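**Student:** Dropping the structure in here first, questions after.
The values are calculated or read from the model by the stated rules, or taken from the named source; none is laboratory data. Please read all numbers here as calculations on a predicted model, not as lab measurements. All Cβ positions, even for glycine, are placed from backbone atoms using ideal geometry, and neighbour counts span all protein chains on display.
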Amino acid sequence: MRKIEVITTEKSEMVNITALVQQVVSDLMPPDGAMTVFVPHTTCGITITENIDADVGLDTLAALDAAVPWKQPFYKHKGGNSAAHIKTSMTGNSISLLIEGGEIQLGIWQGIFLCEFDGPRTRHIWVG
Amino acid sequence: MRKIEVITTEKSEMVNITALVQQVVSDLMPPDGAMTVFVPHTTCGITITENIDADVGLDTLAALDAAVPWKQPFYKHKGGNSAAHIKTSMTGNSISLLIEGGEIQLGIWQGIFLCEFDGPRTRHIWVG
Amino acid sequence: MRKIEVITTEKSEMVNITALVQQVVSDLMPPDGAMTVFVPHTTCGITITENIDADVGLDTLAALDAAVPWKQPFYKHKGGNSAAHIKTSMTGNSISLLIEGGEIQLGIWQGIFLCEFDGPRTRHIWVG
């Protein structure tokens with residue numbers, strides 16, 4: 001397993017981590033098989049989405065914010081960032097990927113993205 | 001790893017792919033262990049849901065459409081299909097399954113479904 | 001693979017299953033590698049969220065209920081629990097985790113939670 005650090009710069013942000021994850025595969029992993037990418041945070045998730053037009057990520061953040069508003073009269077958590085926790089549960093903390101010939105197998109439009117929901121912060125990704 | 005093709009016929013559709021995935025397990029996989037089912041698209045996800053009453057899948061598509069409407073004034077992506085991307089991030093692109101005795105281990109009500117959010121299209125599923 | 005039983009006591013509830021999953025790792029799993037935790041139900045999911053303040057889980061349940069209301073005029077499923085199925089697809093049925101030195105690798109704030117969306121019921125978790 002290798003631990004990667006990513007520094008986010010916005011309150012909400014999608015960070016393309018595909019190259020960072022591929023580097024771990026190239027350095028450490030068997031050339032064929034499966035792998036896990038895991039985010040060890042509760043206000044930051046992981047997803048696969050379009051790697052060309054950054055507007056897709058911005059639209060995703062905006063739509064999640066509309067579905068799960070930052071303020072709700074029913075939130076009880078004193079941290080004030082319940083929405084970030086909930087969006088993390090919606091995108092998830094782990095993804096499973098297939099590897100062939102030392103390359104992560106992704107569709108042509110796909111990239112792996114860290115989903116920052118309560119930044120900016122120093123975040124970590126665990127790959128194994 | 002094997003690549004399977006699925007042709008969808010609707011704009012939004014849940015396609016039961018359980019038998020297709022089981023066939024790959026029977027053909028290729030060790031009889032006991034874990035596996036990954038991965039969808040290499042950004043407007044088409046994967047989920048596990050009820051395999052008996054197709055109304056559950058229809059209700060899921062309708063509820064996701066209510067939570068993430070097809071048109072929103074804040075969408076920026078020129079492709080016009082941001083909602084399909086967002087719903088894909090919400091259901092996810094990969095699932096992990098357990099295998100015993102050559103059989104995918106699923107609950108009695110569970111089936112594996114491709115979630116078409118911007119069809120009809122030819123879609124792919126990668127199993128390994 | 002080991003099957004664990006969990007008895008839920010509320011209609012909607014987050015149950016911390018981290019210790020139960022760690023026990024399986026300690027008993028059965030290789031000390032280093034990856035694992036899958038799978039929930040074989042269609043109205044009960046799994047997520048990773050904060051393990052200290054139970055209000056985070058309550059806020060998550062409330063926010064999912066706001067995004068996917070229990071009653072909608074468009075629901076067709078006669079079981080009357082479509083919302084529970086949909087929330088299960090949103091949180092997912094499986095997670096992938098990394099293990100090192102016999103310990104599940106989780107962030108300091110993270111716990112593994114069963115998400116009961118249509119209880120109370122006897123639920124199962126499959127770990128392998």
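**Student:** Being exposed (fewer than 14 other Cβ atoms within 10 Å of the Cβ) and either of a type in the set (Val, Ile, Thr) or modelled with pLDDT under 95 (or both) is the filter here; which residues of segment A:37-59 pass it?
**Tutor:** Hit for segment A:37-59 is A:Ile52, nothing else.
**Student:** Right, here's the next one. Closer than 17 Å to A:Thr47 by Cα, touching a strand residue (DSSP E or B) at 6+ places or on another chain (Cβ under 8 Å) and at pLDDT 95 or above - does that describe any residue in segment B:2-9?
**Tutor:** No, because not a single residue in segment B:2-9 is closer than 17 Å to A:Thr47 by Cα, touching a strand residue (DSSP E or B) at 6+ places or on another chain (Cβ under 8 Å) and at pLDDT 95 or above.
**Student:** Shifting gears a bit: Step by step: first the residues of segment B:95-126, then only those that are within 19 Å of A:Gln105 (Cα to Cα) and surrounded by 24 or more Cβ atoms within 10 Å (Cβ to Cβ), then the one that is farthest from the other protein chains (Cβ to nearest Cβ). Which residue is that?
**Tutor:** Among residues in segment B:95-126 that are within 19 Å of A:Gln105 (Cα to Cα) and surrounded by 24 or more Cβ atoms within 10 Å (Cβ to Cβ), the one farthest from the other protein chains (Cβ to nearest Cβ) is B:Leu114.
**Student:** Within segment A:99-107, does at least one residue satisfy the condition of being free of Cβ contacts under 8 Å to residues at least 12 places away in the same chain and at negative phi? So that I can check it myself, show each step before the final result.
**Tutor:** So in segment A:99-107, the residues free of Cβ contacts under 8 Å to residues at least 12 places away in the same chain come out as A:105, A:107.
This time we only want the ones that are at negative phi, so: A:105, A:107.
Among the residues of segment A:99-107, at least one is free of Cβ contacts under 8 Å to residues at least 12 places away in the same chain and at negative phi, which makes the answer yes.
**Student:** If you go through segment C:36-57 one residue at a time, how many are out of contact with any Lys or Arg (no Cβ under 6 Å at 6 or more places or on another chain) and not in a loop (DSSP other than H, G, I, E, B)?
**Tutor:** Number of matching residues: 12.
**Student:** Only one residue in A:Glu10, A:Glu5 is in a strand (DSSP E or B) and in contact (Cβ under 8 Å) with a residue 24 or more places away in the chain. Which one?
**Tutor:** Result: A:Glu5 is the single residue among A:Glu10, A:Glu5 that is in a strand (DSSP E or B) and in contact (Cβ under 8 Å) with a residue 24 or more places away in the chain.
**Student:** Still on this structure, I have one more. Take the conditions part of a loop (DSSP other than H, G, I, E, B), out of contact with any strand residue (DSSP E or B) (no Cβ under 9 Å at 6 or more places or on another chain) and farther than 19 Å from C:Lys11 by Cα and apply them to C:Pro73. Does it pass? Give the steps one after another, and end with the answer.
**Tutor:** Details: part of a loop (DSSP other than H, G, I, E, B): yes; out of contact with any strand residue (DSSP E or B) (no Cβ under 9 Å at 6 or more places or on another chain): yes; farther than 19 Å from C:Lys11 by Cα: yes.
Here the answer is yes, as C:Pro73 does meet what is asked.
**Student:** While we're on this one: Determine which member of the set C:Ala66, C:Ala19, C:Ala62, C:Ala34 is within 8 Å of another protein chain (Cβ to nearest Cβ), surrounded by fewer than 24 Cβ atoms within 10 Å (Cβ to Cβ) and over 27 Å from B:Ala63 (Cβ atoms).
**Tutor:** Working: C:Ala66 fails: over 27 Å from B:Ala63 (Cβ atoms); C:Ala19 fails: within 8 Å of another protein chain (Cβ to nearest Cβ); C:Ala62 fails: over 27 Å from B:Ala63 (Cβ atoms).
None of the others qualify; the one that does is C:Ala34.
**Student:** Of everything in segment C:76-93 that's in a loop (DSSP other than H, G, I, E, B) and in contact (Cβ under 8 Å) with a residue 24 or more places away in the chain, which residue is surrounded by the fewest Cβ atoms within 10 Å (Cβ to Cβ)?
**Tutor:** Pass one, segment C:76-93, residues in a loop (DSSP other than H, G, I, E, B): C:76-81, C:92-93.
If we keep only those that are in contact (Cβ under 8 Å) with a residue 24 or more places away in the chain too, we end up with C:81, C:92-93.
Values: C:Asn81: 18, C:Gly92: 27, C:Asn93: 27.
Result: C:Asn81.
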